Amino acid sequence: MDCSAVYADLSILFVVEHVVLDVIHSFQVFHEWRLGKSVRDLKLSPKPNSYILALKINPITRWIYGSAGVSYGVVDNAHYFTLLYYSQVLGLDARLAGLALSIGLVFDAITDPLVGYLSDNITSRWGRRHPFLYASVLPLALSYFLLWHPPPFVQDDTSMFIHLMLCLLALRGSLTLFQVPAYAMCAEITNDYDERTRLFARYSTVQSIVGNGMSVLMYALWLVPTTEYSDGIMNVEGYKVAGLVGTLAIAASVLLFTIGLHRFIPRFSRFHPSDALGPRQFFRQLADVFRYPSMRVVVVSWMLYYAGSGIYAMLWVYIYSYFWEFTSQQISLIVIPMALAGLLIPPLLSGLASGREKKRVAVLGMSAAILVNVFPIAMRLLGIFPANGTALLFWILLVLGVFETVFFLVFDVASSSMMVDITEQAELDTGRRSEGVITSAVTFAGKCSYALGTFLGGVTLSLVEFPTETAVGDVAPDIIFDLGLVYGPLILVIFLGSVYAISRYQISRVQHEETIARLEGR
């Protein structure tokens, strides 16, 4: 691919960004006109929490908040295909590709607490969070584009490893600039026990639909056989087109979220940092939030959950392509209902979580997800599952894929909402709003574990001596069996540990409401 084509694609990206900005601004102006007043016209209560509860969260705001899931969904989907693209298509050693992915994830994790702390403690005319959101747009989109469009001089293992690592460092670092403040803003938008779950439900719904939807497009449109590539998985041009589409989706969604919630800055600006910035204050605030048992168990649960998710993400394509031997078209058909399953989350959690403890909802979701995920692998290893290539196998895994997606999302939403509920407990004791520190500490632990899981996924492939640049159907049966034998028990043990940890969470609905009442009384 020549440089002129790259520059042309980037020019298109910048034009689209400006168009999106104009469209979102017009929508925002119309929305405020329709409401008959803007946030600036509201009479703010002298008590921050009173103000938060006084302004009702409408459906448009919920879905604007949910739009943050687009960027993470696109990047998360890329994680499924990056190892495959660089090792199988471009020929990079799988261990080097896995190492680069792990380094990127570790860097992403390390920057989380720093961005969380800074976004809690800076002041600007755009509030505490929005400067980070706006700063993330261009580097996030550009690094994603270059991930799938390496320059012509990137040919050997050394240059390819360096390029991959640099792209991932830029991608993960800029994603942190966006995602950490976006997560923290949930606790600022509302302190209602159920409303936070509704916000995260939209976020997870969008993330799931976009992530799985990109997989559908990968297999249905881009990774298809051509005269040059008999195996769609090896279609290098398909990966490049997907990279451009993902870039545009990331840029548009980050702008939608940032500009769409810009009108709430007066509300967010109600919380003024009381401590000066500095390393001592950083570690002090971080240590303060870990005093709470609920914080510690959420961190442990997310560490195990994301370690398992890293392994799952790294090996998903291998399991479906090589273990089950589905074609690209079959995989795209399986992923379609998985993508649409995310639409079930808002109404499902509206009934399931209303009036119930979030801890019970999280335990139920993860327990069911474990059963659905491990069951077919175990049955195949025991020799009592339908054979590859049969219609029955296809329909069973299609249905199980829907339930697996729903159950994982139930856990993800409930545990995320539990995480931000720690905010008021910490504020009651310290007098500080620490949404960024709390959420970034949890995501830091999760991302480090995800990096470990990613590395373990690459190690698993090396352990079973999985070959590189090998088409589906050409891998020895004993290697395929060994892949399932390692994957199944490993995922089972890790996810069960996550269930146990989250079951030790201590903040109940009643305790949360009592904490809010005490803050109101100050």
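The values are calculated or read from the model by the stated rules, or taken from the named source; none is laboratory data. On a predicted model such as this, the values are computed, not experimentally measured, just so you know. Here the Cβ positions follow ideal geometry from the backbone for every residue, glycine too, while neighbour counts run over all protein chains shown.
Of the residues Phe407, Phe403, Phe394, which is under 17 Å from Lys359 (Cβ atoms) and out of contact with any strand residue (DSSP E or B) (no Cβ under 7 Å at 6 or more places or on another chain)?
On the way: Phe403 fails: under 17 Å from Lys359 (Cβ atoms); Phe394 fails: under 17 Å from Lys359 (Cβ atoms).
Among Phe407, Phe403, Phe394, only Phe407 is under 17 Å from Lys359 (Cβ atoms) and out of contact with any strand residue (DSSP E or B) (no Cβ under 7 Å at 6 or more places or on another chain).
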Looking at (1) among the aromatic types (Phe, Trp, Tyr); (2) surrounded by 22 or more Cβ atoms within 10 Å (Cβ to Cβ); (3) part of a helix (DSSP H, G or I), find the lone condition where Trp316 falls short. (2)
Residues that are closer than 30 Å to Val510 by Cα and of a type in the set (S, T, N, Q), drawn from region 153-210: Gln179, Thr190, Asn191, Thr197, Ser204, Thr205
When only residues in region 139-157 that are within 24 Å of Leu177 (Cα to Cα) and free of Cβ contacts under 8 Å to residues at least 60 places away in the same chain count, which is surrounded by the most Cβ atoms within 10 Å (Cβ to Cβ)? Ser143
Got a sec? Which of Glu514, Glu424, Glu435 is in contact (Cβ under 8 Å) with a residue 24 or more places away in the chain, more than 30 Å from Phe107 (Cβ to Cβ) and acidic (Asp, Glu)? Glu424
Check Arg172, Arg202 and return the single one that is within 28 Å of Tyr318 (Cβ to Cβ), among the charged types (D, E, K, R) and modelled with pLDDT of 90 or more. Arg172
Only one of Val410, Val442, Val437, Val406 that is farther than 21 Å from Val115 by Cβ, among the aliphatic types (A, V, I, L, M) and crowded, with 24+ Cβ neighbours inside 10 Å: Val410
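Give region 375-389 a look and list any residue that's under 27 Å from the mean Cα position of the chain (by Cα) and either crowded, with 17+ Cβ neighbours inside 10 Å or in a loop (DSSP other than H, G, I, E, B) (or both), or say none.
Of region 375-389, the ones under 27 Å from the mean Cα position of the chain (by Cα) are 375-377.
Pro376, Ile377, listed by residue number.
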Expected output for region 332-344 (first residue modelled with pLDDT under 80, partner polar (S, T, N, Q), Cβ below 9 Å, 6+ apart or cross-chain) is Ser332/Ser215; Val335/Asn212; Val335/Ser215; Ala339/Ser208; Ala339/Asn212; Ala339/Ser215; Ala339/Thr405
Hey, among Leu496, Leu452, which residue is part of a helix (DSSP H, G or I) and crowded, with 18+ Cβ neighbours inside 10 Å? Leu452
